[in-house]
Amino acid sequence: MSVAARAVVLAAAFVVVAGIAVFVALYYIGGTSALPTVHYAASGGQANVVLQEDPQNDSASKPDWVTYYVQDPATGKWVHTTLFSVPAHTKVNVTILGYDGCTPLRNNFFSQVQGTIGNTVTLSQFDQHGREYVTEHTTPVINGWSDCNVGHTFAIPGLGLYVPVASPNAQLSANNLCSSSPCVTSGNPYAKETFSFMTPDHAGVFRWQCLVPCGGGFLDGNSGPMQTLGYMMGEMDVVSS
Amino acid sequence: MTTPQSEPRHGLRLFLIWIVLSLIAVLLIWFVWKPHLPPGDMSDAARHQQFDIAVLAVSAAPVVIFVLLYFIYSIVVWRARPGDDSDGEPIYGNTKVQLTWIIGTTVIVLWLFVFGTVELVVPAGAGAGEGPSPIWKLAGTQSATWTPNSGTMLQVQVIGQQWTWTYRYPQFGGMESSELLLPVNTPVTFHVTSLDVIHSFWAYQLGVKADANPEVDNVAYATPKSLGSVTVRCNELCGIWHGAMFNYGHVVSQTAFQAWASGVQSAERGDGLLADLPPYALTYDPTVIPQLGKNLPKIDGITGGAGYYYPPSDPVTP
C-alpha cells in the first residue's frame, strides 16, 4: 500500500472514531439540553415561580417516578422540566403544590426552613374535596418525623436554601393521592407552600434538589429520579437582570 | 583506559556543578516555594503536610538535578564530533559506582520511610481519617461541654448526604448546622459519617481528609491555627452532583464561635428542631430512622413513614 493510501486510510479511521465520539457525547448531552427551560421575568423586582411535585409523571419512559413540574408563566401550563430561569438580584416568590405523599427525611435537620426570607414558609393543606384541613400559617419547621408531614424538599445548597415541602396527611397519602399528572387542585389532596428568597447579584447556574431519598425501587432510595434532571433535581439559571 | 592529559576531571566538574545547582534548588524550594505549597498553614495538620511536601521536594531535587545534569553533560561534552566514526570507549564494571548507587538509594528510601512514619504519628494521623478507633490521638481535654480558652477539645460530627454537608456539635446540645464554624487554636475531633452513599470530607485548608461511610465513625483531627475560610469538598465520586457537593467553613475566634454555637443551639431549641433531631449518634444506618421506631416498613429499599409512601401495592420498579 502506498504512503498516500495509508494516509487516506488513517485519516478515514480517525474521522470515523471522532465521529462516533461526537455522536455519543451529543447523544448524552443532548438528552439533558432537550429539557425545556421555563423563564420567569421580574416585575417590580419580584418573580413568581410556581412548582408542583407529583407521585408520578406523564412521561412515556419513567411514568412512575416522582417528579417536579414547573408552571410556564406565559401559558399557565405545567411543563415537565426542572430547569427554570430567574433574574439576578430579584425577590423570588415560590409556590409549591405538594401532591405527593409523605416520606421521612433521612436527616430531620432539613425539617427546618433555611435561607428563605424570615427563614419561614407559609403552609396550608387541602383534602380531595378542597377543604382546607390545615389552615394557612407561617412556620420555621415542618417536622418530617413527628407525623406524615413532608413529601420532599426543595433545596438550593449553593444559596443555603433548604425548604421541606409538605405533603397531604397520612390517610390522604395512603388512599387519595393524585394519580394523573400533572395534578390539579380539584379532586386531589395537596399541600400549598409559599416562601421567598433573593437571587444573588450575579448570574450563574444553581442546582436544586430533593433531600428525601425518593428513588423508589433503588437501593435506599438513592438514584433514579433523585439523580435525573427533569424529575427530583434541577437547575435554576440566574440571568442578568 | 587511558585518559589524555588535556581531558578535564569530569567527575569533579560534575560534582561541583551538581552541588551548586542542588543548593540553589533546595534554597528556592524551602524559602520561595514552601510558603505557597498546598494546603497552606491554616492548621497544624496542614502545616505538617506543607512541611512534608517541602521536605520531599528537597530530598528529590538533588536526585533529579543529578540525573538531568549527567544527561545534559553527556550530550554536550561526550557527543560525537563531526567526522568521528570511531567506537566509544569500552565500559567495565565499577564497584565504586555500584556501591555509591546502592548506598545512596538505600539511604534515600530509608529516610523517606522514617520521615513518613514520624510525620504520620506526630501530627495524630496527619489530618487523615483513622477509623472509629484512632491509634494516634490528638492531645486535648475531653469534656461534655466546650467553653473558650478551656483547652477542651471540640467535637464536630460531619454528616454527608447526597449532595450536601451538615455539621453537628454534641457539646452544644447536638445542634446541627449546614455551615462549618470552628474556633481558632482549639483541637478539633471530626467524626465523619454518611447518611447514604460513600462521601469523603475534605476540608482543604485544614489539611483534613476522611472518608464518610454510612454506619462508620471515621475520626480525624486538626487544630486550626489562623482565622479564615475553609473550602469543604466531597472527594469521593458520590453521584451526579458530586462535583457540586461543597461549601465553605470559617475559623473564627473562640468567643465568636461560642456566641455563634450558643445562638444556633438556642434558636433550634426555640423552634423545636433540637428536640426533633435524631439522638446524637456516631454513625447512621441509611435504612433506619431512630425517632420513628422499629415498626417502619422497608419496601424497595425505602423506609416508609406513617403515611407509607411506598406501600406494598406500589412497589415501583422503574
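Key figures
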{"quantity": "Selected residue [without any contact (Cβ under 8 Å) to a residue 40 or more places away in the chain and within 14 Å of chain A (Cβ to nearest Cβ)] from B:237, B:195", "calculated": "B:237"}
{"quantity": "Qualifying residue in segment A:214-223 (condition: closer than 12 Å to residue A:102 by Cα and crowded, with 19+ Cβ neighbours inside 10 Å)", "calculated": "yes"}
{"quantity": "Evaluation of residue A:239 against (1) farther than 21 Å from residue A:56 by Cβ; (2) facing chain B (nearest Cβ under 9 Å); (3) hydrophobic (A, V, I, L, M, F, W, C) (one fails), failing number", "calculated": "(2)"}
{"quantity": "Hits in segment A:134-158 (condition: aromatic (Phe, Trp, Tyr) and either facing chain B (nearest Cβ under 7 Å) or more than 24 Å from residue A:174 (Cβ to Cβ) (or both))", "calculated": "A:145"}
{"quantity": "Single condition residue B:214 does not satisfy, out of (1) closer than 24 Å to residue A:154 by Cα; (2) surrounded by fewer than 22 Cβ atoms within 10 Å (Cβ to Cβ); (3) under 14 Å from the mean Cα position of the chain (by Cα)", "calculated": "(3)"}
{"quantity": "Residue in segment A:165-187 that is of a type in the set (A, V, I, L, M) and in a strand (DSSP E or B) present", "calculated": "yes"}
{"quantity": "Members of segment B:240-265 found to be within 14 Å of another protein chain (Cβ to nearest Cβ), in a helix (DSSP H, G or I) and surrounded by 14 or more Cβ atoms within 10 Å (Cβ to Cβ), listed by number", "calculated": "B:242, B:244, B:264, B:265"}
{"quantity": "Selection count, segment B:180-229, where residues are assigned to a strand (DSSP E or B) and within 23 Å of residue B:143 (Cα to Cα)", "calculated": "17"}
{"quantity": "Segment A:109-129, subset among the small types (Gly, Ala, Ser) and within 14 Å of chain B (Cβ to nearest Cβ), residue surrounded by the most Cβ atoms within 10 Å (Cβ to Cβ)", "calculated": "A:111"}
{"quantity": "Those residues of segment B:162-192 which are within 14 Å of residue B:280 (Cα to Cα), β-branched (Val, Ile, Thr) and within 14 Å of chain A (Cβ to nearest Cβ), in sequence order", "calculated": "B:166"}
{"quantity": "Cβ-Cβ under 8 Å pairs, at least 6 apart or on other chains, segment A:169-193 side within 26 Å of residue A:230 (Cβ to Cβ) and in the same structural domain as residue A:62 (by TED's automatic domain parsing), far side modelled with pLDDT under 85 and among the aliphatic types (A, V, I, L, M)", "calculated": "A:189/A:172"}
{"quantity": "Looking only at segment B:271-289, and only at residues there that are more than 9 Å from chain A (Cβ to nearest Cβ) and closer than 28 Å to residue B:153 by Cα, the one that is modelled with the lowest pLDDT", "calculated": "B:285"}
{"quantity": "Unmet criterion (only one of (1) surrounded by fewer than 23 Cβ atoms within 10 Å (Cβ to Cβ); (2) away from chain B (no Cβ under 11 Å); (3) among the small types (Gly, Ala, Ser)) for residue A:230", "calculated": "(1)"}
{"quantity": "Residues located in segment B:155-184, provided they are closer than 16 Å to residue B:230 by Cβ, free of Cβ contacts under 8 Å to residues at least 40 places away in the same chain and touching a helix residue (DSSP H, G or I) at 6+ places or on another chain (Cβ under 7 Å)", "calculated": "B:166"}
{"quantity": "Residue in segment A:130-141 that is in contact with a Gly (Cβ under 8 Å, 6 or more places away or on another chain), crowded, with 22+ Cβ neighbours inside 10 Å and assigned by TED's automatic domain parsing to the domain that holds residue A:235 present", "calculated": "no"}
{"quantity": "Residue under evaluation residue A:63, criteria (1) away from every other protein chain (no Cβ under 12 Å); (2) in a loop (DSSP other than H, G, I, E, B), criterion not met", "calculated": "(1)"}
{"quantity": "Answer from A:103, A:120 - the residue that is touching a Pro at 6+ places or on another chain (Cβ under 6 Å) and either at pLDDT below 95 or of a type outside the set (Asp, Glu) (or both)", "calculated": "A:120"}
{"quantity": "Which numbered condition residue B:231 fails, given (1) surrounded by fewer than 22 Cβ atoms within 10 Å (Cβ to Cβ); (2) closer than 21 Å to residue A:110 by Cα", "calculated": "(2)"}
{"quantity": "Selection status of residue B:119, more than 22 Å from the chain's Cα centre (by Cα) and either of a type outside the set (Gly, Ala, Ser) or surrounded by 11 or more Cβ atoms within 10 Å (Cβ to Cβ) (or both)", "calculated": "no"}
{"quantity": "Residues (touching a helix residue (DSSP H, G or I) at 6+ places or on another chain (Cβ under 7 Å), of a type outside the set (Lys, Arg) and over 20 Å from residue A:48 (Cβ atoms)) located in segment A:191-215", "calculated": "A:210, A:211, A:213, A:214, A:215"}
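The values are calculated or read from the model by the stated rules, or taken from the named source; none is laboratory data. Worth saying up front: this structure is predicted, and the values here are computed from it rather than measured. Backbone-built Cβ (ideal geometry, glycine too); neighbour counts: all protein chains shown.
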